[in-house]
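Let me begin by presenting the structure, written as C-alpha cells, before commenting on it.
Values in this text are rule-based calculations from the coordinates and carry no lab data. Worth saying up front: this structure is predicted, and the values here are computed from it rather than measured. Every residue, glycine among them, receives a Cβ derived from its backbone with ideal geometry; neighbour counts consider all protein chains shown.
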C-alpha cells in the first residue's frame, strides 16, 4: 500500500521512466501500483514500453464479491498481475487453491501472471524449503498448461526476506529456482517450462541485484521496497540490463 498518495505515485513513475526507458534493451520492466493509482499510472506509462500490472485479482469475472477486482476489469490497462504474494498468503490467509484459481482466471483473461511462492523462516531453519516450495508450485499451478508458459512467471520470494532487509543467499536462491523450474517441467512439460520465467524476490536492492540476475536460472527480480525510490529502482534496472546484455 505505497505510495498512499496518487500524486506521489505518478511522480515516482515519472522519476523511474526517465532512466528505466533508456536501459530496456535486454530487460522487460513492469510496475505494480495499488489499485487506486492504476489509471493515473497507465496514462504516464503510455507509449513508454514499461508495462503495468496489478498487485492482485479475484478469480471470478463478475458477481456479488464486494471489494474484489476481477482480471477482466484489469485487462483494459494492465498487462500483468501478481497472485499469491507472500504477504497475502501469510497476513490474509490465501491458500494454494485460491492462488491457483486466481492464476487460471488471470491467464484466461489474457493477462501475464506472476505466481509467488516461498517458505517461512521456520521452514527455512528446519531445512524444509524444498518441500514447501515444491508443494506451493504444484498446487498454485495446478490449473496451468503448456499453452500458458510464455505468459507465466514464478517468483521465489522467501517470506523471511520480504520487508526484513534479509536477502537470501544467492546459492540458496539458485538451488530453489532450479527446483522450481524442475517442478514446473513436471507439471507442464520440460519444453514448455523453459519458456516460464523464474524470478527472485526478497529485499532486492541495487547493491545485491547483480548477485541474483547473474545466476544461470534467474530471469529477473521482483522488487519491493527498493522500487519506492526512483533512483534505486532505476539503478536495479541498469545493472540487470548490463548483466543480461553481457551474458545473453
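Pairs of alpha-carbon atoms within less than 8 angstrom and 6+ residues apart define the contacts here; what relative contact order does region 74-198 have, in percent? Write down the numbers at each step before the final one.
Details: 184 pairs, mean separation 33.4, N = 125.
Computed value for region 74-198: 27 percent relative contact order.
For residue 90 and residue 217, what is the calculated FRET efficiency with R₀ set at 25 Å and r taken between the beta-carbons, to the nearest 0.05?
Given R0 = 25 Å and the Cβ-Cβ separation, E is 0.45.
What Rg and what Dmax come out for the chain when only alpha-carbon atoms are used, in angstroms?
Every Cα atom of the chain included, Rg and Dmax give 17.0, 51 Å.
Could you compute the FRET efficiency for residue 171 and residue 19, with r as their C-beta to C-beta distance and R0 at 30 Å, rounded to 0.05?
Details: r = 31 Å, r/R0 = 1.02.
Computed FRET efficiency for residue 171 and residue 19 comes out at 0.45.
For 164, 134, which order do you get if you count the other beta carbons within 10 Å of each Cβ and list the fewest first?
On the way: 164 13, 134 17.
Ranking 164, 134 by Cβ neighbours within 10 Å, fewest first, gives 164, 134.
Test of understanding: ordering 150, 48 by Cβ neighbours within 10 Å, fewest first, what list do you get? Before the final figure, lay out each step's value.
On the way: 150 11, 48 16.
The order, fewest Cβ neighbours first, is 150, 48.
When all C-alpha to C-alpha distances in region 64-176 are sorted into bins of 5 Å, what percent of pairs does each bin hold, rounded to whole numbers?
Final binned percentages: 2, 11, 22, 22, 18, 13, 8, 3, 1, 0.
How much length, in nm to one decimal, is gained on full extension between residue 164 and residue 1, taken as 0.36 nm per residue of separation minus their Cα-Cα distance? Walk me through the intermediate numbers first.
Numbers: separation 163, 0.36 × 163 = 58.68 nm, distance 1.64 nm.
My answer for the length gained is 57.0 nm.
Helix-only mean residue ellipticity at 222 nm, the chain, DSSP H runs n ≥ 4 weighted -39,500 (n - 2.57), per residue, nearest 500. What is it?
It comes out at -13000 deg cm²/dmol, rounded to the nearest 500.
Exposure proxy check: 123, 85, 172 ranked by fewest other beta carbons within 10 Å? Show your work: numbers first, answer last.
Working: 123 18, 85 25, 172 13.
So the residues, fewest neighbours to most, are 172, 123, 85.
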